[in-house]
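Take a look at the structure set out below.
The values are calculated or read from the model by the stated rules, or taken from the named source; none is laboratory data. Since we're looking at a predicted model, the values are computed, not measured. Note that each Cβ is placed from the backbone with ideal geometry, even for glycine, and that neighbours are counted across all protein chains shown. All accessible areas refer to the heavy atoms of the entire protein, side chains included, with ligands and DNA or RNA removed. Shrake-Rupley method; radii C 1.70, N 1.55, O 1.52, S 1.80 Å.
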Amino acid sequence: MSTWRDLREWMTFVEGIGQLRTVRGASWEADIGAITEMLDHTEDSPCVLFDEIPGYPAGRRVIVNCSGTPERQAVTLGLPVAQGNHEGLREYWTRTLEGLVPIEPRVVSSGPIFENVIEGEAIDLTAFPAPVWHPKDGGRFIGTASINVMRDPDSDWVNGATYRNQIFTKNTLGMWISPGKHGRIIRQKYIDRGLPCPVVVIVGSDPLLFMAACAEGIAYGESEFAWAGGVRGQAIDVVLGKHTGLPIPARAEIAIEGFMDPQERHTEGPYGEWMGYYASGEAVTPVVTVKAIYHRNDPIILGCPQGKPPHEDNRFLAYLKSALIEKQVKAAGVPKVTRVWCPPETGNRLMTIVAIEQAYAGHATQAALVASQCGAGAYGGRFVVVVDDDVDVYDMNDVLWAMTTRCDPRRDIHIVDRAWSGPLDPAIHPDHRGFNSRCIVDATRPWEWKDRFADPVVTPDMARATREQWGWILGSGADPRAPIQRPRERKS
């Protein structure tokens, strides 16, 4: 269970472990985006809070790279910092998803989000220091780590997901959603009926709610707020928006409430997207007309801009997405799946690696096809690689070794056509985007003669035994010219 209730308490904890830096005087026009790009591509970089942004009063802030390291992911999940490592996070998500029981949010009468209520002519989205995140972006995107809250008109289901939100005017903004996403399906229902779509855009949530909003694989019809409550172990406190009645986290930083007209459209973008390209160019999106802005005193924009992988959300989603795919593959009836990994370097979507204990002919193909099309793995994929369980899926050296030594291209590579993609895929011709193909790579020992396949020079057990006995040699700080001697126990 988390020991903090909101972004500010999370920041206090992270500052206490020395992983929060404050930067003063960086510009929203260029500096914040450039610094964030640097942080995203530097291992173990700190979380950064930008304050005293030129043109804005001190206290109007932007925070980035919140869960960009395993240690801070542990804080986000309410774990001991010592559990913020590869095995600790993998084990946590595997265990949590197995027993997850959603807890519906709790409606409360008020909260810090109502410290300031702005309506009518006073509405001004430019009063917040939303950055231009990339040099060729078409404008200021206040929502890169936003939670876009909508209610399904046919049920009580409230969806909360991350989509990009560009400021158009003082009281209008966009909501670009890739085809097939839950929010797009909900919004289209309102458009088809000629009705305005109510929405709340939360641009300063706590990091766990943002993580939930990013989690591809949460079932259609399941609330991200309830899912996050199940992960946290307690209900999320929400207030209800005055104009839409939609739930708003009571301790959020900023919430923008309004309606999308079924007919009004506005040019949006370009924006540097998750594969590292301005792939969609300018687009056209429905317009959110703002009816109210709610915010805390000295509000903070939570930012997580996309770009060339790996970026922050790739680092924290690697564990969650991998665990979701593993759970869904097993639930589909595929046995003896031992590990799944979605490498951050591939944007979590472009490659999925599955390890199995081969049990029958076609087992690898079955695992690959299910992993490529299950709820958590279907969108925007490219490669699925299946390996034997002696291959470390987390070590790309090991994976590439298996691919290049156990896979014969003609026999073991298959292509799945017309899979789910979208407008952001730079490898597809701009006029033909929506579908893409999947490359299924069977990098296991060939089933028909796997018992005759050449033995590896070194097995995992051999390597492990050597490290247990001789790993002390690899300790840092020793003089490389000195004779190597094993430490001896002192005699009493």
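Below are the figures for this structure:
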{"quantity": "Dipole magnitude (debye, nearest 20) for segment 38-165, charges at Cβ of Lys, Arg, Asp, Glu", "calculated": "140 debye"}
{"quantity": "Distance from segment 153-214 to segment 425-470 (C-alpha centre basis), Å", "calculated": "38 Å"}
{"quantity": "Residue-normalised accessible area of segment 163-247, expressed per residue, 1.4 Å probe, Å²", "calculated": "29 Å²"}
{"quantity": "K242 - accessible surface, heavy atoms, 1.4 Å probe, Å² rounded to 10", "calculated": "140 Å²"}
{"quantity": "5 angstrom amide H check on V239, placed H, neighbours 5+ away", "calculated": "V108, I248, A250"}
{"quantity": "Percent of Cα pairs exceeding the 28 Å cut-off, where the set is the chain", "calculated": "56 percent"}
{"quantity": "Dipole of segment 310-448, positive end: most advanced residue of A331, A368, V393 [Cβ charges, Cα centre]", "calculated": "A331"}
{"quantity": "Surface per residue (accessible, 1.4 Å probe) for segment 53-137, Å²", "calculated": "43 Å²"}
{"quantity": "Cβ charges +1 (Lys, Arg) and -1 (Asp, Glu), total dipole of segment 131-287, debye", "calculated": "220 debye"}
{"quantity": "Size of electric dipole in the chain: Cβ of Lys, Arg +1 and of Asp, Glu -1, about Cα centre, debye, nearest 20", "calculated": "440 debye"}
{"quantity": "MRE, 222 nm, helices only [DSSP H, n ≥ 4, -39500 (n - 2.57), over the chain, to nearest 500]", "calculated": "-7500 deg cm²/dmol"}
{"quantity": "In sequence order, calculated HN-Hα J values of segment 296-306 (Karplus, 6.51, -1.76, 1.60; Hz; x Gly/Pro)", "calculated": "6, 4, 6, x, 10, 7, 8, x, 8, x, 8"}
{"quantity": "Filter on K242/K327; K336/K450; K181/K308; K330/K450; K181/K291; K321/K450 - keep pairs with C-alpha separation over 28 Å", "calculated": "K242/K327; K321/K450"}
{"quantity": "Percent carbon-and-sulfur accessible area, segment 206-290, ignoring ligands, DNA and RNA, probe 1.4 Å", "calculated": "48 percent"}
{"quantity": "Charge dipole of the chain about the Cα centre (unit charges at C-beta), most positive-ward option of P430, P102, L7", "calculated": "P102"}
{"quantity": "Amide H contacts of A279 (H built 1.01 Å from N, under 5 Å, at least 5 apart or other chain)", "calculated": "E273"}
{"quantity": "With 10 Å bins from 0: P(r) over segment 128-167, alpha-carbon pairs, percent", "calculated": "29, 38, 22, 11, 1"}
{"quantity": "Surface per residue (accessible, 1.4 Å probe) for segment 303-421, Å²", "calculated": "38 Å²"}
{"quantity": "Among L125, G55, T76 the positive-end extreme of the charge dipole of segment 29-184 (Cβ point charges)", "calculated": "L125"}
